Protein chains: 2
Amino acid sequence: MPRDTSETTTVAQTGEFGLIRALTQDRVQPPFTLLGPGDDGALVAAPDGRVVVSTDVLVQGVHFRLDWSGPEQVGRKAVAVNLADIAAMGALPTSVLVGFACPGDLPASVLTRLTDGMWTEAERAGVGVVGGDVVRSETLVVSITALGDLNGLPPVTRSGARPGDVVAVCGRLGWAAAGLMVLGRGFRSPVGVVNAQRYPEPPYAAGPAAAAAGATAMIDVSDGLLADLGHIATASEVGIDVRTEALQPDQRLQEVAAALGADAQRWVLTGGEDHALAAAFPPNVELPAGWRRIGVVTRAEFGVTVDGQPHSGGDAGWEHWKTS
Amino acid sequence: MPRDTSETTTVAQTGEFGLIRALTQDRVQPPFTLLGPGDDGALVAAPDGRVVVSTDVLVQGVHFRLDWSGPEQVGRKAVAVNLADIAAMGALPTSVLVGFACPGDLPASVLTRLTDGMWTEAERAGVGVVGGDVVRSETLVVSITALGDLNGLPPVTRSGARPGDVVAVCGRLGWAAAGLMVLGRGFRSPVGVVNAQRYPEPPYAAGPAAAAAGATAMIDVSDGLLADLGHIATASEVGIDVRTEALQPDQRLQEVAAALGADAQRWVLTGGEDHALAAAFPPNVELPAGWRRIGVVTRAEFGVTVDGQPHSGGDAGWEHWKTS
C-alpha cells in the first residue's frame with residue numbers, strides 16, 4: 001500500500017494494519033537495529049551487556065498543541081525528550097519505540113507526519129524507530145521508549161555530585177520558555193525561539209562525552225535549570241550555586257524578552273523543555289567540547305543558590321497537576 | 001511519604017513527584033535491574049549483548065473497563081500482554097517500564113492499585129518495573145514497554161515456518177472470549193472465564209523453551225488463534241491447517257457456551273486476548289513441556305484452514321477501528 005498522505009483519509013479508514021504498514025515501510029534502520037518492526041518484538045544491539053532505558057508519555061493539549069506545532073515537529077519533540085534522558089545517563093542512544101493512541105477520525109496523515117518527524121530526530125541521533133503500537137483513544141497520546149548503550153562506563157546518575165565539583169551545561173537554556181511565551185501571545189515568530197519550543201535539539205553526544213570525562217552527576221534540563229539542579233542536589237545531598245555571569249541570556253533572548261516585557265534571565269534559570277544537559281564534574285577536569293562552567297557544588301545546607309543567594313524567581317520548574 | 005490508598009485523594013492532589021514516590025517505593029527489584037526508578041533512565045542487564053523490546057498501549061474503554069476489572073487486574077493485564085510479546089520472540093523477560101496518562105481527578109489509589117497489579121505480574125515473570133512516567137490526560141492510557149534476553153539463541157520470528165512443520169500451542173484458548181461474553185451480558189461469574197478476560201496468564205517460560213527446542217516461528221495469540229496463525233502464514237509464506245480434534249474446548253468453556261447459547265469451538269479458534277503462544281516446530285522435534293500439537297504447516301496456496309477447510313466462522317480476529 002502506498003503511504004497515504006491525504007488529509008481526508010482517517011485513521012479509522014486506513015485501519016490498524018494499514019497504518020502500521022504506512023508507518024514502517026521504506027524506513028532505513030541503522031546497524032543497532034538487528035530486527036525492526038513487524039514481529040512481536042524488535043531486537044536491538046546491546047554491546048555493553050547492559051541497556052539504559054527510559055520512557056515518556058506526551059499528551060495533546062498538555063505537552064504539545066497541533067495548532068502551535070506541525071505533526072513533524074511534535075514527532076521530533078517526542079523522540080528528542082526521550083533520547084535526552086538516555087544521553088543524560090551518559091549513554092549513546094541505540095533505538096526508540098513509539099506507541100500512538102488516537103481518535104479514529106484523526107487524519108492518517110497526522111500519524112505519518114508524526115512518524116516522519118520521529119525519524120528525523122532518530123536519524124539525527126543515529127538510531128531507528130524499531131517498533132510500536134497504534135490504538136484507538138479519544139485523546140491523542142504519544143508514548144516513547146528509548147534504549148541506549150553505556151560503552152562499558154558506569155551510568156551517570158543524579159546522586160554522585162560532591163562539594164567542590166564543577167557544575168556545567170551543554171546546550172541551550174531559556175529558548176523553549178521564550179518560544180512558549182511568544183506562542184502564548186499569539187505570535188509565530190521569531191522562528192528561532194518558536195521552533196525551540198516546538199522541538200528541542202538536545203546535544204546527545206555531550207552525554208557520553210561527559211561520562212567519559214568522569215562526570216559525577218548528570219540530568220537533562222526538562223523542568224528548568226534550577227529545578228533540575230535541585231534534583232541533582234537532592235539526590236546527591238549537596239547544594240549547588242550557579243553564577244548569573246555564566247548564564248547570561250543570548251542576545252536573541254534579550255531582544256524577545258524586551259519586546260514582550262519579560263525577563264530573559266528568568267527564562268534561562270527556570271525555563272524548561274530545552275533539554276540541555278547539566279552535569280557535575282570533578283574540580284580539575286577539562287570539560288568536554290561544548291560544555292561550559294556555570295557554577296559549583298556546595299554543601300547541602302546551602303541548597304540551590306544563584307550568585308550565593310536563594311532564588312527569588314518564584315516557582316523553580318514545572319510539575320504535572322500541581323502547578324498547571 | 002506513606003503510600004496513599006485513600007479513595008478520596010486525587011492524582012492532582014498527590015502531584016507528580018508524590019505519585020512517583022508512591023509508585024516506586026518499597027518495590028524489590030530483581031537481579032536484572034541494575035539501576036531502578038528515580039533517575040533519567042534505568043539500567044537493565046542484557047547478558048546476551050542484544051535486547052528484545054516491545055511496546056503496547058492500553059486505553060480505558062477500549063482495552064479495559066474499570067467497571068469490569070479492578071485496577072490491579074488491569075495492571076496485571078497491561079504487563080502480561082507486553083511480556084507475552086517478549087516470550088513469543090523466544091526471549092526471557094528482563095524488565096518492564098510503564099507510562100500513565102490520567103485525569104487529575106482520578107483517585108490516586110487507582111494508580112497505586114494499577115501499579116500493584118503490574119508488580120504482581122512482573123514478579124510472576126521474574127522481572128521488575130524499572131521506570132516510567134506519569135502525565136495528565138483526559139483519558140486513562142497505560143503504555144508498557146518490556147525488555148527480554150535471548151540467551152544466545154536467534155529470535156523466533158513469524159517468518160520461519162516451513163511446510164511440514166508441526167504447529168503447536170501452549171496456554172489457554174477461548175477463555176478470554178468467553179469471559180468477554182459473560183461480562184457483556186452483565187454477569188460476573190463463572191469467575192474462571194471472567195478473570196481470564198480481566199488478565200491473561202501467558203506461559204512466559206514456554207517461549208524460551210520453544211526457542212531452545214528449535215521453534216521455526218512463534219506468535220502470541222492476542223487477536224485469535226486463526227488470525228494470529230494467519231500472521232505466521234503470511235510472514236512465512238505458508239499455509240497452516242489446524243485440527244479441531246486437537247482444539248476441543250475445555251469442559252468449563254462448553255458449559256459457559258451452553259448457558260449463553262454460544263459456540264465454544266468458535267471461542268477457541270477466534271477468541272483473542274488469552275495470550276497463549278503458538279509456534280511451528282520442525283517435524284520430528286520433541287515438543288517442550290506444556291506444548292500440544294494442533295496442526296501442520298502446509299503450502300501457501302492452501303491458506304489457513306480448519307480440518308482442511310477454509311474457516312466459515314466470520315471474522316478471524318480483532319483489528320483496531322476496522323471491526324470495532
Residue check for B:TRP318: closer than 16 Å to B:ALA176 by Cβ, modelled with pLDDT under 95 and under 20 Å from the mean Cα position of the chain (by Cα): yes
query: How many of the residues in segment A:39-95 are within 18 Å of B:LEU150 (Cα to Cα) and aliphatic (A, V, I, L, M)?
result: 8
field: Residues located in segment B:248-302, provided they are hydroxyl-bearing (Ser, Thr, Tyr) and not in a helix (DSSP H, G or I)
entry: B:THR298
- prompt: In segment A:259-296, how many are among the β-branched types (Val, Ile, Thr) and either at pLDDT below 95 or under 30 Å from A:GLY186 (Cα atoms) (or both)?
  reply: 2
- prompt: Based on what the data block shows, is A:ILE219 within 14 Å of chain B (Cβ to nearest Cβ) and more than 22 Å from A:GLU72 (Cβ to Cβ)?
  reply: yes
- request: Of all residues in segment A:274-298, count the ones that are of a type outside the set (A, V, I, L, M, F, W, C) and surrounded by 24 or more Cβ atoms within 10 Å (Cβ to Cβ).
  value: 3
message: Exactly one of these conditions fails for A:GLU121: (1) modelled with pLDDT under 95; (2) more than 10 Å from chain B (Cβ to nearest Cβ). Give me its number.
response: (1)
field: Restricting segment B:62-97 to residues that are part of a loop (DSSP other than H, G, I, E, B) and of a type outside the set (Gly, Ala, Ser), the residue that is farthest from the chain's Cα centre (by Cα)
entry: B:ASP67
query: Going by the structure shown, is B:PRO249 under 22 Å from the mean Cα position of the chain (by Cα) and either free of Cβ contacts under 8 Å to residues at least 24 places away in the same chain or assigned by TED's automatic domain parsing to the domain that holds B:PRO203 (or both)?
result: yes
query: among the aliphatic types (A, V, I, L, M), surrounded by 24 or more Cβ atoms within 10 Å (Cβ to Cβ) and under 27 Å from B:SER159 (Cβ atoms) - does that describe any residue in segment A:49-59?
result: yes
task: Looking for whichever is of a type in the set (Gly, Ala, Ser) and in contact with a helix residue (DSSP H, G or I) (Cβ under 8 Å, 6 or more places away or on another chain) here; the options are A:ALA215, A:ALA235, A:ALA278, A:ALA259. Which one fits?
output: A:ALA278
Scan of segment A:275-288 for residues that are in contact (Cβ under 8 Å) with a residue 24 or more places away in the chain, farther than 12 Å from A:PRO163 by Cα and either in contact with a strand residue (DSSP E or B) (Cβ under 9 Å, 6 or more places away or on another chain) or aromatic (Phe, Trp, Tyr) (or both), ordered by number: A:HIS275, A:ALA276, A:LEU277, A:ALA278, A:ALA279, A:VAL285, A:LEU287, A:PRO288
Residue among B:ASP149, B:ASP133, B:ASP105, B:ASP56 that alone is in contact (Cβ under 8 Å) with a residue 40 or more places away in the chain and facing chain A (nearest Cβ under 7 Å): B:ASP56
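The values are calculated or read from the model by the stated rules, or taken from the named source; none is laboratory data. Quantities reported herein were computed from a predicted structural model and do not represent experimental measurements. All Cβ positions, even for glycine, are placed from backbone atoms using ideal geometry, and neighbour counts span all protein chains on display.
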